[in-house]
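The structure appears below as structure tokens.
The values are calculated or read from the model by the stated rules, or taken from the named source; none is laboratory data. It should be emphasised that the depicted structure is a prediction, and the values quoted were computed from it without experimental measurement. As a convention, Cβ positions derive from the backbone with ideal geometry for all residues, glycine included, and neighbour counts pool all protein chains shown. For the accessible areas, the whole protein counts, side chains as well, though only heavy atoms, and no ligand, DNA or RNA atoms are used. Shrake-Rupley method; radii C 1.70, N 1.55, O 1.52, S 1.80 Å.
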Amino acid sequence: MSTLEKPFKIEDLLQRNIWDVDEEPHIEIPLDDQEGLKKKALALLCPAGCYTLIGDRLIFSYEGCVECGLCRIITPSDKIRWTYPRSGKGVTYRYT
Amino acid sequence: MGDVGRKVPERFDVIVVGAGPAGCAASYMLAKSGFKVLLLERGRGPGSKELYGGRIYAQPLRDVWPDLDKKAPIHRWVTKERFSFTWGSRVVTLEYRVGRSVSFTTYLPEMAKWMADRATEAGALLVDEVVVDDIVVRDGRVVGVRSGTDFLRADVVIDAEGVNRILLEKLGLAERLDPGKVAIGAKEVLRVGEGAINDRLGLSKKEGLAWLVAGDVTEGVPGGGFIYTMKDTISVGIVLHVGRAVEAAEKGFLRTSIHGMVEKLRLHNYFKQIWGDADVVEYGGHLTIEGGLGLVPKKLYMDGFLVVGDAAGLLLNTGYTIRGVDFAVTSGKLAAETVVEAFNVGGPTEENLSVYESKLKSSFVWRELVKHRGISEIMSDPYYFTVLPALLTSLLKKLFEADYEEPTIMDAVFEAASEEDISIAKLLLKLASVVGRV
Amino acid sequence: MAGYRVVVGIKWVPNTQAVRFDPKTGTLIRQGVPAIINPQDLHAIEMALRLRDAYGGEVIVITMAPPPAVQGLEHAIGMGADRAILVTDRSFAGADTLATSYVLARAINKVEREIGRVDLAVFGQETIDSSTAHIGAQVASWLGWPYIYYVKQASLSNGSLRVVRQLEDVIEEYEAKLPAVISVLAKALRPRHVSLLNKLRARTERPIITWTNKDLGLDTRCVGLKGSPTIVAKVTYLPEVPRLKKVHKAENPREAARWLLKNLLSDEKTRDLIARALWGEGSA
Ligand SMILES: Cc1cc2nc3c(=O)[nH]c(=O)nc-3n(C[C@H](O)[C@H](O)[C@H](O)COP(=O)(O)OP(=O)(O)OC[C@H]3O[C@@H](n4cnc5c(N)ncnc54)[C@H](O)[C@@H]3O)c2cc1C
Ligand SMILES: Cc1cc2nc3c(=O)[nH]c(=O)nc-3n(C[C@H](O)[C@H](O)[C@H](O)COP(=O)(O)OP(=O)(O)OC[C@H]3O[C@@H](n4cnc5c(N)ncnc54)[C@H](O)[C@@H]3O)c2cc1C
Ligand code: SF4
């Protein structure tokens, strides 16, 4: 069976894009105090799967972020530092 | 030695933030009228951060670029519209063969690059890889933009930053985006091959198809799937109402991730016939406006300032069509006309720029948004995304999956309703309210 | 000119993050892969800019590459470099490190003749697409200048250079007479971002010069493919290691590490696979 007949994991999908990932994260979210975060929603709705729930703790990695802005608007603004990557870094779409 | 060129300018007539359709249209029109225009874009080249569905309505773009049909990177003219309801393995599909094609498919990055090229050919200057951090206001007047520690002066700033209107929020003209008024989209591009697309969908050369899908592909969350044919690829994606999706996820009703839903659609037995085992060549996501007038900011202008496109909340999503690009281009054009006229009557004061709002309100963009303003309530009601597809597919099952005796249509409706536990009275009430609204 | 003139060499490399396997054929897809500045070279640019900001002078970025690399030079000017030179010629194509370093060294000589004295040449540690780490050393040899690699910090005074370099287990300090060549330790610094006014300058003033071999006048036997004595004798692909897909829910990191080690070494098949991946077929 070809790998194309099974669902891809998010990493396999993101790997198809062109990236120039900044060494500095452009989004930061506190790991210590997760009160008030919409954890399940972040884990399911971030299109790049940057948020992972392990038990009831959220883990975040900015590398695959496609800069959609969803997490910014569903997280209390004092719980997230959200900016665009600078210098043209991040994802570069060729098709879409 | 070398090609040492112009001196670095210290100010511009107009700075446009964002090289999307709205910003490019405004820059093109202004540069053509002789204005000194700077177009700023955060991505690596125009369009590089752009993701949308796949189809653009042509006429509003021809108003800006009359040579659109000949020169623009048009992939296919949409001649087939399909709409499907899905419920499990059951699918109901409606197809409409278009008499006169009014829309075309293309990639948005490619299209944005084309529009930006028109703007720079007309004399606008494009600077990419730069994030604008603030639109700078002094004594109630917009005087320029700030990026990092750099400030650059302009007589007018046009905000074309798109749906994530961070600058507009900072200016105090818009609230933080309300999750109830936006949708999140995720999309894959599949390399299918031009011939295979034509054969499998019954299209001839340059003919395209636009296909919207509603039902359990979104697992009960208001939203839908979309499928568009490009020249040799097919775009497949899912859009979810953010407010509703967050609610469903937090309550535990929603279990599939949005990328999981896109993958399910790609692997759906009924749809996958069309692309077979075509490779995924790109994947991404973007926010979009749910539609209606709900995201239009308090004010569309200030002294020295105008806001256009998605940033101005101008997008129509009726559930069967989504019109963002042509609205963006039209608002960009109207903003440019306003600026040109303002300079003829004394400058870009708040009063002179207020003409933009009246121009917009008498344009087709506003008329469409007003006409369809009831739609957003329907589009966010889970009822229509569960009950209707369930009933419809169940009804057709009754009609077509009979071994011996076929029911009458009325019998089938009632049987299907009771099987899916749907109250016909409530359904009729809901349908009546839809008719009332649209 | 007061201060120091620093030349930075950058390489325009295919974005290897965009190179991937075709799931059907199992071969690498490089088609349509766009290029970026070799990531480590951003650190070289940053070091040069810091020296200029501290002591005055100018930073000239130079690359030997096909014309699309202008994009990378604009990016470097966007970061704050004063000017840039694109060294490009059909006859330079197919160069190995010897031919590349020769052209770069001669271009630096030309900078000295036409723009003025060069005090320092700065390179990245190595590239992501070839990673030989030859270029810095070879340019230094052609020029007859001292060379220090893995540089983490640099300062200038009175015609000499002081650097801190970091090796695996020691930190060393060196002093060298200018002019000199250094290559910067990977991830040593925090490269600055493109700024609005600098990028605007890149697009308007266009402080980018192009030199072809007409300008450099190098013997075509010494450049490009013809000037490249290196030959690829053999390429061996390492066998792909199949995954066992075991998942272990660890209690803590220590326990996880212990589990991993135990599993890797106790299972004969896994041990074989590791050996073969490391030393090739038949080594188990
Ligand atoms: C999933 C999905 C499907 C869609 N389908 C369709 C469709 O089929 N047809 C249709 O017509 N519309 C569709 N749309 C909507 C359409 O994409 C938008 O309406 C349209 O792109 C809006 O154009 P714009 O120029 O206003 O904003 P955008 O296209 O978003 O452009 C904004 C630009 O500004 C840049 N920018 C943002 N902030 C900054 C900053 N601070 N500094 C510098 N640059 C900045 C961005 O990088 C971007 O290039 C869809 C949208 C989505 C998400
Ligand atoms: C046998 C062989 C055959 C090759 N054949 C070809 C070929 O046919 N076509 C081809 O394109 N390449 C070819 N290459 C690759 C090419 O020789 C090297 O990529 C190039 O010489 C630089 O070496 P490197 O990438 O290992 O740089 P390194 O020595 O690892 O780079 C160190 C630093 O030198 C600087 N630098 C490197 N390259 C440049 C440059 N071009 N301009 C300015 N500064 C630079 C950067 O600062 C970099 O960080 C070949 C290499 C070998 C070994
Ligand atoms: S911006 Fe979008 S893609 Fe990036 S982390 Fe947030 S939700 Fe995910």
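Computed over chain C with a Gaussian network model linking Cα atoms closer than 10 Å, the most mobile of C:Val194, C:Val103, C:Val59 is C:Val194.
Measuring between alpha carbons in the structure, the pairs from B:Lys36/B:Lys299; B:Lys32/B:Lys299; B:Lys80/B:Lys361; B:Lys333/B:Lys371; A:Lys6/B:Lys272; B:Lys251/C:Lys249 lying more than 20 angstrom apart are B:Lys36/B:Lys299; B:Lys32/B:Lys299; B:Lys80/B:Lys361; B:Lys333/B:Lys371; B:Lys251/C:Lys249. Using only Cα atoms and rounding to the nearest 10 degrees, what angle (0 to 90) does helix C:268-279 make with the longest principal axis of chain C? For C:268-279 against chain C, the angle is about 20 degrees.
Residues in region C:178-191 carry Karplus couplings, in order, of 7, x, 8, 10, 10, 10, 8, 4, 4, 6, 5, 10, 10, x Hz; the curve used is 6.51 cos²θ - 1.76 cosθ + 1.60 with θ = phi - 60°, and Gly or Pro positions show x.
Against the criterion of solvent-accessible heavy-atom surface with a 1.4 angstrom probe, B:Val329, C:Val232, B:Val413 sort, most first, into C:Val232, B:Val413, B:Val329. Computed from Cα positions, the angle between helix B:424-437 and the longest principal axis of chain B comes to roughly 30 degrees. Rounded to the nearest 20 debye, the dipole size of region A:3-76 about its Cα centre is 520 debye, using +1 on the Cβ of Lys and Arg and -1 on the Cβ of Asp and Glu. Between B:Asp277 and B:Leu431, the simple label model (points 7 Å from Cα in the Cβ direction) yields a spacing of 4.4 nm. Placing unit charges on the Cβ atoms only, positive for Lys and Arg and negative for Asp and Glu, gives the protein assembly as shown a dipole magnitude near 1080 debye about its Cα centre. Approximating the spin labels as points 7 Å out from Cα along Cα→Cβ, the B:Lys206-to-A:Asp78 distance works out to 6.0 nm. What the phi angles of region B:147-158 give under the Karplus curve with 6.51, -1.76 and 1.60, with θ = phi - 60°, is a coupling list of 9, x, 9, 8, 10, 9, 8, 8, 6, 9, 10, 10 Hz, glycine and proline written as x. For chain C, the orientation-averaged shadow of the C-alpha convex hull comes to 20.0 nm² (one quarter of the hull surface). When the solvent-accessible area of region C:4-222 is split by element, carbon and sulfur atoms take up 49 percent of it, the probe being 1.4 Å.
What do you get for the angle between helix B:258-267 and the principal long axis of chain B? Use alpha-carbon atoms, 0 to 90 degrees, nearest ten. Computed tilt is about 60 degrees. Here r is the Cβ-Cβ distance between B:Phe400 and B:Arg100 and R0 is 35 Å; the resulting FRET efficiency, rounded to 0.05, is 0.60.
Note on chain B: with a GNM built from Cα contacts shorter than 10 Å, the maximum mean-square fluctuation among B:Gly284, B:Gly18, B:Gly195 falls on B:Gly195.
Using the Kirkwood radius built from alpha carbon pairs, what does the Stokes-Einstein equation give as D for chain A at 37 °C and 0.692 mPa s, in µm² per second? The diffusion coefficient I find is 227 µm²/s. Placing +1 on the Cβ of every Lys and Arg and -1 on the Cβ of every Asp and Glu, with no other charges, gives region B:99-178 a dipole of roughly 220 debye about its Cα centre. Modelled this way, with points 7 Å down the Cα-to-C-beta line, the labels at B:Thr149 and C:Thr236 are 5.4 nm from one another.
For region C:167-188 versus region B:376-438, the spacing of their alpha-carbon centroids is 75 Å. Taking amide H as placed 1.01 Å from N in the peptide plane, B:Ile289 has its amide H under 5 Å from the amide H of B:Ala183, each at least 5 places away in sequence or on another chain. For an R0 of 35 angstrom, estimate the FRET efficiency from the Cβ-Cβ distance between C:Asp267 and A:Glu23 and round to the nearest 0.05. Computed FRET efficiency for C:Asp267 and A:Glu23: 0.40. Projected onto planes of every orientation and averaged, the convex hull of the alpha-carbon atoms in the protein assembly as shown covers 41.7 nm². Projecting the Cα atoms of B:Ala122, B:Val142, B:Tyr96 onto the dipole axis of region B:87-194, where Lys and Arg carry +1 and Asp and Glu carry -1 at the beta carbon, places B:Tyr96 farthest toward the positive end. Positive end of the dipole of the protein assembly as shown (Cβ unit charges, origin at the Cα centre): among C:Gly217, B:Met111, C:Ser141, the Cα lying farthest that way belongs to C:Gly217. Remark: region B:382-437 is approximated by an ellipsoid whose semi-axes, taken from the C-alpha gyration tensor as √(5λ), come to 23, 11, 9 Å, largest first.
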